[in-house]
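The structure appears right after this line, and notes come after that.
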Amino acid sequence: MSDSTLPPGSRVAVAGASGLIGSALARSLAADGHVVVRLVRRAPRTEDEVEWDPERERIDTAGLAGCAAVVNLAGAGIAAQRWTEAYRRKIRESRVLGTATLADAVASLDEPPAVFVNGSAIGYYGDTDGRAVDESAPPGTGFLSSLCVDWEEAAGPAQDAGVRTVFARTGLVVSSKGGAWAKLFPLFKAGVGGRMGDGRQYWSFISLHDEVAAIRHLIDTDWLAGPVNLTAPDPLTNREITEAMGRVLHRPTVFTTPAPLLRLALGDMAGDILGSQRVLPGRLLESGFSFAFPSIEGALRAALD
């Protein structure tokens with residue numbers, strides 16, 4: 001990204017650099033000549049790795065010295081497996097304890113980074129039904145909402161230390177390489193994809209390209225702080241997205257997964273699939289961000305390139 005305001009060769013620490021978004025962000029930063037400092041859960045193998053153990057709230061704080069920005073995208077996959085009580089605990093602890101560990105480390109530095117970008121999610125808003133919401137909306141109810149509240153609150157030490165802290169409330173990332181959407185592509189390519197439940201629930205999506213560009217924008221925009229929704233400007237219903245998948249992949253979309261079957265197969269996670277989240281990127285647009293793939297068809301085609 002040639003318009004980056006990061007000084008050339010800046011050090012940027014990334015937690016979760018091996019994940020879908022983190023790895024794409026690391027490639028983007030490296031392509032612009034920045035040094036990506038990866039947080040790893042083992043002994044470092046290079047000088048650009050920093051060891052940490054988020055569940056035990058341990059980190060080699062000295063390894064963050066000199067970083068212009070710290071980005072936290074670490075956390076157990078939301079859609080990686082069924083939500084047992086043990087996995088719910090893992091989802092929560094990997095985010096809340098990881099954020100607290102990084103925020104404490106950032107706050108303790110003699111020269112802290114200019115910005116701390118902390119991952120969050122549009123799950124913060126809960127089920128909004130057909131109502132459009134932006135960053136001014138209060139938290140909803142349920143597991144993901146309470147998780148996001150605690151996740152963001154864990155960044156308090158960085159905020160208290162005067163570090164500009166941004167919460168990247170990410171929507172459904174359209175990618176064929178990972179995340180929840182990667183599970184959909186094979187079904188639709190096989191011609192067995194279709195709407196879920198009645199299909200009227202809103203899905204707020206964002207292309208992987210725009211997700212990375214938006215995070216770079218959060219780093220570069222020195223007055224942005226607090227929550228920022230990372231979603232495309234036009235959320236669509238599951239039915240509309242299903243139809244778009246069919247058009248892009250040239251496959252029929254006649255199958256329907258009934259709500260009771262989803263609940264049986266996925267347990268509590270089904271509530272988030274069947275729930276409706278119509279989330280708008282108010283602050284992102286106000287800050288001048290331009291989407292490369294604002295439409296679902298563009299995002300889908302980009303994911304297949």
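The values are calculated or read from the model by the stated rules, or taken from the named source; none is laboratory data. If you're wondering where the values come from, they're calculated on a predicted model, not measured in any experiment. Because the Cβ atoms are built from the backbone with ideal geometry, glycine has one as well, and the counts that use them run over all protein chains shown. Keep in mind that these areas ignore ligands, DNA and RNA; they rest on the heavy atoms of the full protein, side chains included. Shrake-Rupley method; radii C 1.70, N 1.55, O 1.52, S 1.80 Å.
Given the protein chains as shown and a 1.4 Å probe, how many square angstrom of residue 53 are accessible, to the nearest 10?
40
Which sequence of 255, 143 reflects their accessible areas, 1.4 Å probe, from the largest down?
Listed by decreasing accessible area, they come as 255, 143.
Taking Cα Rg over 2.2 N^0.38 Å straight from the coordinates, which label in (1) 1.33; (2) 0.98; (3) 1.15 is the correct one?
It is the value labelled (2).
Placing +1 on the Cβ of each Lys and Arg and -1 on the Cβ of each Asp and Glu in the chain, which of 258, 282, 124 has its Cα farthest towards the positive end of the resulting dipole?
Value: 258.
Could you give the length gained on full extension between residue 40 and residue 192, defined as 0.36 nm per residue of separation minus the Cα-Cα distance, in nm?
50.8 nm
Tell me, what % of the accessible area of the chain is carbon and sulfur with a 1.4 angstrom probe?
Carbon with sulfur: 52 percent of the solvent-accessible area.
Suppose the chain between residue 149 and residue 129 were pulled fully straight at 0.36 nm per residue; how much longer would it get relative to their current alpha carbon spacing?
Working it through step by step, the gained length comes to 5.2 nm.
For residue 283, what charge total do you get from the other residues with a beta carbon under 9 Å from its beta carbon, if Lys and Arg give +1 and Asp and Glu give -1?
Within the 9 Å Cβ shell, the charges total -3.
Mind grabbing the accessible area of residue 220 for me, 1.4 Å probe, Å², rounded to tens?
Approximately 30 Å² for this residue.
Taking loop as defined by DSSP and a crowding limit of 14 other beta carbons within 10 Å, which trypsin sites (Lys or Arg not before Pro) in region 120-211 fit?
For trypsin sites (Lys or Arg not before Pro) across region 120-211 that sit outside H, G, I, E and B with at most 14 neighbouring Cβ atoms in 10 Å, the list reads 131, 177, 200.
For the chain, what is the charge dipole size about the Cα centre, in debye to the nearest 20, if Lys and Arg each add +1 at the Cβ and Asp and Glu each add -1 at the Cβ?
In debye, rounded to 20, the chain gives about 1280.
Against the longest principal axis of the chain, how steep is helix 208-220, in degrees 0 to 90 to the nearest 10, with axes from Cα atoms?
It is inclined by approximately 30 degrees.
Keeping all protein chains in the complex and leaving out DNA, RNA and ligands, what accessible area do you get for residue 84 with a 1.4 Å probe, in Å² to the nearest 10?
That residue has around 60 Å² of solvent-accessible surface.
Enumerate the amide H contacts of residue 37 below 5 Å, restricted to partners 5 or more residues apart or on another chain; note that Pro and chain-start residues carry no placed amide H.
12, 13, 14
Skip the ligands, DNA and RNA, and give the accessible area per residue of region 85-202 with a 1.4 Å probe, whole Å².
For region 85-202, the solvent-accessible area averages 41 Å² per residue.
For residue 114 and residue 304, compute 0.36 nm times the residue count separating them, minus their Cα-Cα distance, and round to one decimal in nm.
64.9 nm
With every protein chain kept in place and ligands, DNA and RNA left out, what is the accessible area per residue of region 1-40? Probe 1.4 Å, answer in Å².
With the other protein chains kept in place, region 1-40 gives 42 Å² per residue.
Run lengths n ≥ 4 of DSSP H only: what is the helix-derived mean residue ellipticity at 222 nm for the chain, with -39500 (n - 2.57) per run over all residues, to the nearest 500?
-10500 deg cm²/dmol
Assign unit charges at the C-beta atoms only (+1 for Lys and Arg, -1 for Asp and Glu), then state the dipole size of region 1-159 relative to its Cα centre in Debye, rounded to the nearest 20.
The dipole magnitude comes to about 620 debye.
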